[in-house]
Amino acid sequence: MSKPDYQATNLPLWDFLTILASEGVDFLLSGEEDKVTLSSFDYEKTTICLFFSANWCRPCQSFTPKLVQLYNMLRTMGKELEIVFISLDHDEDGFNAHFETMPWLTVPFDVNLHKKLRERFHVVRIPFLVPLNLDGQSVEEDLIGLIEDFGEDAFPFTKKRREELKAIDDSKRQGGKIDQLLARPGRDYVVASDGGKVLVSKLIGKTVGLYFGAHWCPPCRAFTAQLVEAYNQLLSSRGDCFEVVLVSSDRDQKEFDVNISDMPWLALPFEDRTRQDLCRIFNIKAIPALVFIGPDGKPISTNGKNIITLYGAKAFPFTQSSIEEIEESLRKEGDSLPTQIQDIKHQHVLKLDMAKSYVCNYCERQGKFWAFSCDACDYDLHPTCVEEAS
């Protein structure tokens, strides 16, 4: 069998084979310790990736199961993919323990060989995955991030594929179709806290809040209470024109079940990858977060958490114009109030202040926005509770 001119078509693959040859290695190992000769590969059809990893590395331990899942799925789909493990373990015991978790091939354990490969492919951190492509396409540099973001859809791991996937995300985000955001092939529903299924098509024409949160997150639990209050107020005052869908970041199904049990709204199924897709599409970097989708299916605001925290249900339908109306109304209200007062219930002068949230020291009810506050001590008063001294 004549050897193709890899050097002319693909330097990474040529360099890989050359380094192996320089160390007298002409085979790879499978999990059954069988030798797989390098000449047995169809390099022109198979995408070959080098996987630099180590058993001692915690990020490697976390990423490897994701890569195993992707590898098995792509192979089941008939994709021509092979992965070659390059160990950066300190000894053969670590190498063996790590390779036991992998369904692909490996370069025999040899510290000197692995060092040469690490230097050639400029590996500065692990895990690190690099494809040895033959077609001259530009390879995506952050392959780990690409796979974590898109899973099996990332194949064949080129920059062109990332651009295609980003275009799909942009289309879903701006396309005006709630079903494209929340449904996927094989699932056209979201779930309720009682386990019931609600068709995504039932949400068309409604304002929808995508709530990114988790039960393990204390700020999420605090915000959930605020969102429940606003949700129930809108349900009683405006009917079913508003819905919330939980996009969970819970750690397992049990935690998810506990989380949704406290919520009166809907959720994406825990096992569904759409949860991760929506985090990527809306660039969610921290939770809690709330994204409002309008009745036309297009985003209204990605700042829903602050809107609910500040204004609650009165901000509905959460558009920029509705927020501006609220702020104008508050400005007029503030203009109509004195800048300071002397209340008979308190010894100090109270100054007009804007507060996100407070508890009135007289009526002990929750207050928002305008308050008369004391600079000398922790005392707040509703404007309606003022009794000015004569």
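Keeping every protein chain present and rolling a 1.4 Å probe, give me the accessible area per residue for the chain in Å².
Working: 20290 Å² over 390 residues.
Value for the chain: 52 Å² per residue.
Once you put a point 7 Å from the Cα of residue 283 and another 7 Å from the Cα of residue 232, both along the Cβ direction, what distance in nm separates them?
3.6
Could the peptides 156-164, 101-109 be put in order, highest first, of the mean number of other beta-carbon atoms found within 10 Å of their residues? Kindly include the intermediate steps, with their values, before the conclusion.
Values: 156-164: 16.1, 101-109: 17.9.
Ranked from most to least packed, the peptides come out as 101-109, 156-164.
May I ask you to order 113-119, 264-270 by the average number of other C-beta atoms within 10 Å around their residues, highest value first?
Values: 113-119: 17.0, 264-270: 20.1.
The packing order, highest mean first, is 264-270, 113-119.
Of all the C-alpha pairs in the range 178-326, what % are more than 24 Å from each other?
Details: 2609 of 11026 pairs.
Cα-Cα pairs of the range 178-326 separated by over 24 Å account for 24 percent.
Work out how much length residue 378 to residue 69 would gain on full extension: take 0.36 nm times their residue separation and subtract the Cα-Cα distance, in nm to one decimal. Spell out each step's value before the answer.
Values: separation 309, 0.36 × 309 = 111.24 nm, distance 5.62 nm.
So the extension gain works out to 105.6 nm.
Full-extension gain between residue 324 and residue 37, please, as 0.36 nm times their residue separation minus the C-alpha to C-alpha distance. Please report the intermediate quantities before stating the final value.
Numbers: separation 287, 0.36 × 287 = 103.32 nm, distance 6.93 nm.
Extra length from residue 324 to residue 37 when fully extended: 96.4 nm.
Comparing 48, 323, 344, which has the greatest mean-square fluctuation in the GNM of the chain with Cα pairs linked when under 10 Å apart?
Among 48, 323, 344, the largest GNM mean-square fluctuation belongs to 344.
With angles folded into 0 to 90 degrees, how steeply does helix 320-335 sit against the dominant principal axis of the chain? Use alpha carbons for both and round to 10.
Long axis of 320-335 versus the principal axis of the chain: about 30 degrees.
Of the DSSP beta bridges with both residues in the range 13-166, give the percent that are antiparallel, rounding to the nearest 5. It would help to have the intermediate numbers written out before the result.
On the way: 9 of 18 bridges.
Taking every DSSP beta bridge with both residues in the range 13-166, the antiparallel ones total about 50 percent.
Just the number, please: percent antiparallel of the DSSP beta bridges in the range 134-260, rounded to the nearest 5.
Details: 5 of 12 bridges.
Antiparallel bridges: around 40 percent, rounded to the nearest 5.
At a probe radius of 1.4 Å, what is the per-residue accessible area of residue 350, in Å² to the nearest 10?
0
Based on the mean of other beta carbon atoms within 10 Å per residue, what is the order of 288-295, 189-196, 306-313, most packed first? The partial results should precede the final answer.
Details: 288-295: 22.4, 189-196: 14.6, 306-313: 18.2.
Highest to lowest by the protection proxy: 288-295, 306-313, 189-196.
Keeping all protein chains in position, work out how much accessible area residue 201 exposes to a 1.4 Å probe, and write it in Å² to the nearest 10.
70
How do 177, 172, 202 rank by accessible surface area computed with a 1.4 Å probe, from largest to smallest? Working shown, then result.
On the way: 177 105, 172 60, 202 130 Å².
If we order 177, 172, 202 from most to least accessible, we get 202, 177, 172.
Check which residues have an amide H placed less than 5 Å from residue 340's amide H, if you skip close sequence neighbours.
Amide H neighbours of residue 340, under 5 Å, 5+ apart: 352.
How big is the antiparallel share of DSSP beta bridges in the chain, given as a percent to the nearest 5? Write down the numbers at each step before the final one.
Numbers: 35 of 53 bridges.
Antiparallel bridges make up about 65 percent of those DSSP assigns within the chain.
Of all the accessible heavy-atom surface of the range 171-287, with the other protein chains kept in place and a 1.4 Å probe, what percent is carbon and sulfur?
On the way: 2780 of 5570 Å².
Whole-percent figure for carbon plus sulfur exposure: 50.
When the convex hull of the C-alpha atoms of the range 101-240 is computed, what volume per residue in Å³ does it have? Write down the numbers at each step before the final one.
Numbers: hull volume 29.6 nm³, N = 140.
Value for the range 101-240: 211 Å³ per residue.
Carbon-plus-sulfur fraction of the accessible area of the range 337-381, 1.4 Å probe, in percent?
C and S fraction of accessible area: 48 percent.
Step through the table entries 206/305; 160/202; 116/285; 116/159; 254/368, compare each Cα-Cα distance with 30 Å, and write down the pairs that go over it. Let's see the in-between values first.
Details: 206/305 19 Å; 160/202 36 Å; 116/285 37 Å; 116/159 26 Å; 254/368 36 Å.
Exceeds cut-off: 160/202; 116/285; 254/368.
Just 360, 377, 241 to compare: in a GNM of the chain, with alpha carbon springs under 10 Å, which one fluctuates most?
Residue with maximal mean-square fluctuation among 360, 377, 241: 377.
For Cα extents along the principal axes in Å, one of (i) 75, 63, 55; (ii) 65, 50, 41; (iii) 104, 47, 38 was computed from the structure I shared and the rest are decoys. Which label?
(iii)
Just subtract the alpha-carbon distance of residue 122 and residue 363 from 0.36 nm times their residue separation and send over the number in nm, one decimal. Provide the component values of the computation, followed by the final result.
Details: separation 241, 0.36 × 241 = 86.76 nm, distance 6.69 nm.
Contour length minus Cα-Cα distance gives 80.1 nm.
Please identify which residues in the range 247-262 have an amide N closer than 19 Å to a label point set 7 Å out from the Cα of residue 177, following the Cα→Cβ vector.
none
The values are calculated or read from the model by the stated rules, or taken from the named source; none is laboratory data. Just so it is clear, the structure is predicted and the values come from calculations on it, not from any experiment. For neighbour counting, all protein chains shown are included, and Cβ atoms are generated from backbone atoms with ideal geometry for every residue, glycine included. Keep in mind that these areas ignore ligands, DNA and RNA; they rest on the heavy atoms of the full protein, side chains included. Shrake-Rupley method; radii C 1.70, N 1.55, O 1.52, S 1.80 Å.
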